[in-house]
1. If SER58 passes every condition in (1) modelled with pLDDT of 80 or more; (2) surrounded by fewer than 17 Cβ atoms within 10 Å (Cβ to Cβ); (3) assigned to a loop (DSSP other than H, G, I, E, B); (4) not hydrophobic (A, V, I, L, M, F, W, C) but one, which one does it miss?
2. Tell me, please, whether a residue that is of a type in the set (Gly, Ala, Ser) and modelled with pLDDT of 95 or more can be found in segment 6-19.
3. Looking at segment 74-93, is at least one residue under 17 Å from ALA128 (Cα atoms), over 15 Å from the mean Cα position of the chain (by Cα) and among the charged types (D, E, K, R)?
4. From the residues in segment 81-110 that are small (Gly, Ala, Ser) and part of a loop (DSSP other than H, G, I, E, B), which one is farthest from GLU70 (Cα to Cα)?
5. Can you tell me which residue in segment 111-143 is surrounded by the fewest Cβ atoms within 10 Å (Cβ to Cβ), limited to those that are in a loop (DSSP other than H, G, I, E, B) and of a type in the set (Ser, Thr, Tyr)?
6. ILE40 fails exactly one of the following numbered conditions: (1) without any contact (Cβ under 8 Å) to a residue 40 or more places away in the chain; (2) among the β-branched types (Val, Ile, Thr); (3) in contact with a strand residue (DSSP E or B) (Cβ under 6 Å, 6 or more places away or on another chain). What is the number of that condition?
7. Give the residues of segment 61-80 that are among the small types (Gly, Ala, Ser) and outside any loop (DSSP other than H, G, I, E, B), sorted by residue number.
8. Can you pull out every residue in segment 144-163 that is assigned to a strand (DSSP E or B) and surrounded by fewer than 20 Cβ atoms within 10 Å (Cβ to Cβ)?
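The values are calculated or read from the model by the stated rules, or taken from the named source; none is laboratory data. None of the values given here were measured: they were computed from a predicted structure. Heads up, the Cβs are rebuilt from the backbone with ideal geometry, glycines too, and the neighbour counts pull from every protein chain shown.
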Amino acid sequence: MPKPAELGPQPANPEQLIVDGAVADNEWRLLPRSDDDATISADTLATGKVILPYSLWSDLREDLAGRKNEIGVWLDSDESADLIGDAAAELPLIAVHFPAFADGRGFTAGRLLRERYGFTGELRAVGAYMRDQLTYLHRCGFNAFAYEGEQPLAGLLDSLQDFSESYQAAVDQKLPLFRRRAQ
């Protein structure tokens with residue numbers, strides 16, 4: 001799907017986030033999409049841990065092979081996990097952008113990255129999702145949350161456990177409830 005001519009809302013890069021059920025400092029710098037992406041090269045890219053927009057990562061992937069533990073990728077809502085595909089195994093971090101809480105395409109991207117492509121690194125939700133969606137994001141394989149709301153992160157940790165039981169299978173529970181009860 002082609003991108004609109006005007007760039008939409010970009011994900012933020014907070015100082016702290018939730019990783020694996022705990023509040024942690026953000027060690028990564030998320031590089032926003034830009035009309036100037038063509039001027040960025042592997043030589044001009046800042047050192048340290050950087051999360052690149054998919055299109056920029058795709059262009060520089062071979063040139064950045066020596067920095068594979070420092071380079072993450074973020075997918076926008078109109079970019080499928082299939083774009084990264086099997087290369088997901090090479091990445092330490094993939095971020096999925098949720099431009100609005102009602103845009104659920106990122107949930108599918110998370111499941112595909114975990115289940116189809118076997119991604120085992122940090123899967124980070126970025127953007128405008130709601131606190132009420134944290135449980136569902138976790139069920140789809142997300143283990144890191146760069147929350148843009150105004151609530152303190154420590155108060156969000158309970159939202160990861162909103163439900164004690166789930167009926168359907170997901171990334172975090174391979175068997176549906178009726179199969180678990182039959183055992």
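1. (3)
2. No, there is no match, as no residue in segment 6-19 is of a type in the set (Gly, Ala, Ser) and modelled with pLDDT of 95 or more.
3. no
4. ALA102
5. THR120
6. ILE40 satisfies all of (1) without any contact (Cβ under 8 Å) to a residue 40 or more places away in the chain; (2) among the β-branched types (Val, Ile, Thr); (3) in contact with a strand residue (DSSP E or B) (Cβ under 6 Å, 6 or more places away or on another chain) except (3).
7. Answer for segment 61-80, where residues must be among the small types (Gly, Ala, Ser) and outside any loop (DSSP other than H, G, I, E, B): ALA65, GLY66, GLY72.
8. Of everything in segment 144-163, nothing turns out to be assigned to a strand (DSSP E or B) and surrounded by fewer than 20 Cβ atoms within 10 Å (Cβ to Cβ).
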